[in-house]
Amino acid sequence: MKFTTLRGKVLSLSYGKTPVVDGRKVDYKTWKLFESPYLNAELNSRRLVLTHGNLRRVLDAAALTITDGGSQP
């Protein structure tokens, strides 16, 4: 299946194959587990960072800790 998005990107999709966007295969190796303005986690990091404005909470499953603080990394 091949179609063009409203923003002009060309998507090529086939069952069981890697999707292609504008002629390039999607590289899932660079994807994070979560990536948004409020929720971020690297793949296999066992660490989840929640942010909202100046609020920040880090849930660390490896260390079994919850840390609260400002929004600086």
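With θ set to phi - 60°, apply the Karplus curve 6.51 cos²θ - 1.76 cosθ + 1.60 along the range 22-38 and write out the HN-Hα couplings as whole Hz, x wherever there is a Gly or Pro.
After applying 6.51 cos²θ - 1.76 cosθ + 1.60, I find 6, x, 10, 5, 5, 9, 5, 5, 8, 6, 8, 5, 9, 8, 7, x, 10 Hz.
If R₀ is 35 angstrom, what is the calculated FRET efficiency for the pair residue 1 and residue 46, using the beta carbon separation as r and rounding to 0.05?
Computed FRET efficiency for residue 1 and residue 46 comes out at 0.45.
Connecting C-alpha atoms closer than 10 Å in a GNM of the chain, tell me which of 33, 11, 59 has the biggest fluctuation.
Among 33, 11, 59, the largest GNM mean-square fluctuation belongs to 11.
Gaussian network model of the chain, Cα springs within a sub-10 Å range: biggest mean-square fluctuation belongs to which of 24, 46, 56?
Between 24, 46, 56, it is 24 that shows the largest mean-square fluctuation.
May I ask you to compute the full-extension gain from residue 36 to residue 60, defined as 0.36 nm times their residue separation minus their alpha-carbon distance, rounded to one decimal in nm?
6.8 nm
Over the Cα atoms of the chain, what radius of gyration and what Dmax do you get, in Å?
Rg, Dmax (Cα atoms, Å): 17.5, 47.
Taking amide hydrogens as modeled 1.01 Å from N in the peptide plane, which residues meet the under 5 Å criterion relative to residue 34, leaving out close sequence neighbours?
Placed amide hydrogens put 41 under 5 Å from residue 34.
No lab work stands behind these numbers, since they all come straight from the coordinates. Since the structure is predicted, the reported quantities are computational estimates derived from the model, not experimental observations. Reconstructed Cβ throughout: ideal geometry from the backbone, glycine too, with neighbour counts over all protein chains shown.
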